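The values are calculated or read from the model by the stated rules, or taken from the named source; none is laboratory data. Quick caveat: nothing in here was measured; it's all calculated off a predicted structure. Here the Cβ positions follow ideal geometry from the backbone for every residue, glycine too, while neighbour counts run over all protein chains shown. Side chains included, ligands, DNA and RNA excluded: accessible areas come from the protein's heavy atoms. Shrake-Rupley method; radii C 1.70, N 1.55, O 1.52, S 1.80 Å.
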Amino acid sequence: MTSGRFVDDPKSLPLFAQPAADVDAATPRHVGSVLRMPVAPPQAAKGVDWQVVASLRAKASDQLSQAVAADRGRLDKTGQQELGRAIVLELIDTAMVDRVNAGSASMSAAEQSRLAHAVFDSLFRLGRLQPLVDDDRIENIIITGHDRVLLELIDGSLLEGPAVADSDEDLIDFLVFLASRSEVNARGFSEAQPRLHMRLDGGSRLAAAAWVTPRPSVVIRRHRLMEVRLEDLVDRQTLTPVAASFLSAAVKARRSIVVSGCQGAGKTTLVRALCAEIDPLEAIGTFETEYELHLHELPDRHRIVHPWEARPGSGERGADGRQAGEFTLDEALVDSFRFNLARQIVGEVRGKEIWAMIKAMESGTGSISTTHASDAAAAVRKLVTCAMEAGSHVTQALATSKLAATVDIIVHLDLQTTTGPAGPTRQRRVAEIIALDPGEKETGYATTHVFSPDANGVAAPNVLPDAYRALTVHGFDLSGYLLQQGRTS
C-alpha cells in the first residue's frame with residue numbers, strides 16, 4: 001500500500017462524510033425533549049473494526065514516540081503527522097499481509113483507506129468523536145457512557161448521537177491517550193487524577209471525569225462564534241442596541257467588567273464581543289486554565305496578544321506542596337508585568353483564580369472576567385466565596401472590600417430553553433447590568449441596577465449612576481437610555 005491511497009480530507013471518505021442533507025432529510029421523532037435522529041448515515045462506520053483501529057493506534061503511537069525521541073524533539077507537528085501517516089500505512093500493509101497469510105480475505109482499497117483514516121484520526125485527532133466536532137450544527141457533545149451520547153445543536157435542540165467507543169473502558173483509554181499526547185500542555189488522566197480539562201484543536205473545550213462517576217462522563221463544548229461583535233449579539237437579540245452602546249462605552253472607558261451566567265449562557269462569546277471594542281493596538285494579556293477566548297488567533301482584530309495558559313503538575317508533590325511542572329495563573333500574572341500590557345483578561349473564575357482577577361483589576365483598568373452565577377447579585381457573593389477559598393487569612397470583609405474596589409460592572413446572561421411543536425429552542429439574553437461600588441456597612445458593597453430585566457427577560461434601562469453619564473464621550477446612547485428608562489414591566 002502506498003501513501004497515494006491516503007486521502008488528505010477524512011470527510012471525503014464514507015466513514016467521515018456528514019453532509020447536512022443526510023440529517024435534515026431524516027424524519028425526527030421526539031422522545032421527551034430529545035430528537036431521535038441519526039447524525040451520520042447508518043452505513044458511515046461500515047467496514048471499520050474499531051478494535052483493530054485501537055490496536056493499530058497503540059502500535060503507531062509507540063513507533064511515533066520512539067521516532068520523536070530519537071529525533072530529540074526536532075520534529076514539528078506537521079512532520080510528526082507526516083511520519084505518523086507513513087507509520088499507519090506501513091502497519092496496515094503489514095496487517096493485510098498477516099490476514100492473507102492467516103487465510104483471511106484481504107480488504108479492498110476503499111476499506112483500507114477508511115481504516116487508515118480511522119487510525120490517523122485516533123492518533124492525531126479525536127477518532128470517532130471527530131465527525132461530531134466537525135459538524136457545524138453541533139455546539140455541545142454530552143457523553144455519559146460510550147453508547148449514551150447527546151448532541152446539543154446551536155438552536156437548542158437535542159439529538160441522539162452514535163456510540164463513540166465500543167465500551168466504557170475503550171472510551172477511558174482514548175481519553176487517557178488524548179490527554180497525554182499534547183505537545184505543549186499534556187494532562188494526566190488516571191484513577192489518581194480522575195478529572196480532565198483540556199482544549200482541543202480548533203478551540204473546543206473538553207471536560208471529562210471517570211473512576212469517580214458510574215460511567216465516564218465527557219462534555220465537549222464547541223465555540224461557534226469566534227469573530228463576534230456586540231452588534232452581532234444585538235442582531236441575535238442577546239441584548240438591545242442601548243445596552244450594547246453602554247457596554248461598548250464601558251470597555252472603551254476602561255471599566256473592569258465581570259460577565260456572569262449559568263453554564264452555556266454565552267459568557268465567553270460575550271467577552272469576545274466586549275474585547276472587540278478594545279483598540280486593536282492595545283497590548284492584551286489573557287490568563288486561562290484552558291485557552292477559550294483565542295484572541296491571539298484574531299490578529300486582524302487584536303494585534304498584540306500575549307496568551308497564558310495554566311498547566312497542571314504531574315507526579316509527586318514537592319516540599320512546597322506543588323507538583324512538578326505546575327504553572328498557575330497567579331504566576332502567569334506576575335510574569336505578565338514585564339510585557340507592557342494595557343489590559344489583563346482572566347478568562348474564568350471558578351475558585352482561587354479570583355486572586356489573579358483581583359490583581360489584574362488592581363494593577364490596571366479595563367480588565368474582563370467571567371464567573372458562574374444565577375444572577376448579577378449572586379455573582380458578587382460567588383466571587384467573595386471564591387476569594388475566601390484561598391485560605392483562612394482571607395476574611396469575608398477583606399474579600400468583599402477587594403471586589404468592591406476593583407469590579408465596576410457585572411453583566412448577567414440568562415439562558416432560557418423552551419419546548420414547542422418543533423422541539424426545544426434556546427435564547428441567550430443579557431438580563432442585568434449592575435454597577436458595583438464600595439458602600440453599605442452590612443454587605444461592604446452597594447449595587448445599582450443600571451439595566452434590569454423587562455417582562456421578556458431582556459436588560460432594559462433602570463437607574464443610571466451619575467458617574468456613568470460620562471460614558472457618552474465613548475459612544476453611550478444616553479438619550480436612548482433615558483427614553484427607555486423605567487420600562488421594565
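Working with all protein chains in place, sort HIS306, HIS146 by solvent-accessible area computed with a 1.4 Å probe, largest first. Display every interim value, and only then the final one.
Details: HIS306 55, HIS146 30 Å².
Most to least solvent-accessible, the answer reads HIS306, HIS146.
Between SER190 and ARG195, the built amide H atoms are under 5 Å apart, and every one of these is 5 or more places off in sequence or on another chain.
The heavy atoms of CYS386 offer some 0 square angstrom of accessible surface to a 1.4 angstrom probe. In percent, what relative contact order does region 135-248 have, based on Cα pairs under 8 Å that are 6 or more apart in sequence? Result for region 135-248 is 22 percent. Here the spin labels are modelled as points 7 Å beyond Cα on the Cα-Cβ line, and at GLU282 and THR213 they lie 3.8 nm apart.
Rounded to the nearest Hz, the phi-derived 3J(HN,Hα) couplings of region 166-178 under the Karplus curve 6.51 cos²θ - 1.76 cosθ + 1.60 (θ = phi - 60°) are 7, 7, 4, 5, 5, 5, 5, 4, 5, 5, 4, 5, 4, where x marks glycine and proline.
Across region 297-313, coupling constants 3J(HN,Hα) worked out from phi with the 6.51/-1.76/1.60 Karplus curve, θ = phi - 60°, read 9, 10, x, 6, 9, 10, 6, 10, 10, 10, x, 10, 10, 5, 10, x, x Hz, and Gly and Pro carry x.
For region 175-307, the fraction of C-alpha pairs more than 18 angstrom apart is 61%.
Here ARG181 sits with roughly 70 square angstrom of accessible surface, probe radius 1.4 Å.
Per residue, region 251-299 exposes 27 Å² of accessible surface when a 1.4 Å probe is rolled over the protein heavy atoms with every protein chain present. Taking all protein chains as they are arranged and a probe of 1.4 Å, the heavy atoms of TYR291 leave approximately 40 Å² accessible to solvent.
Karplus-derived 3J(HN,Hα) values for region 104-117, using 6.51 cos²θ - 1.76 cosθ + 1.60 with θ = phi - 60°, are 8, 6, 6, 8, 6, 4, 5, 5, 5, 5, 5, 5, 4, 5 Hz; glycine and proline are entered as x.
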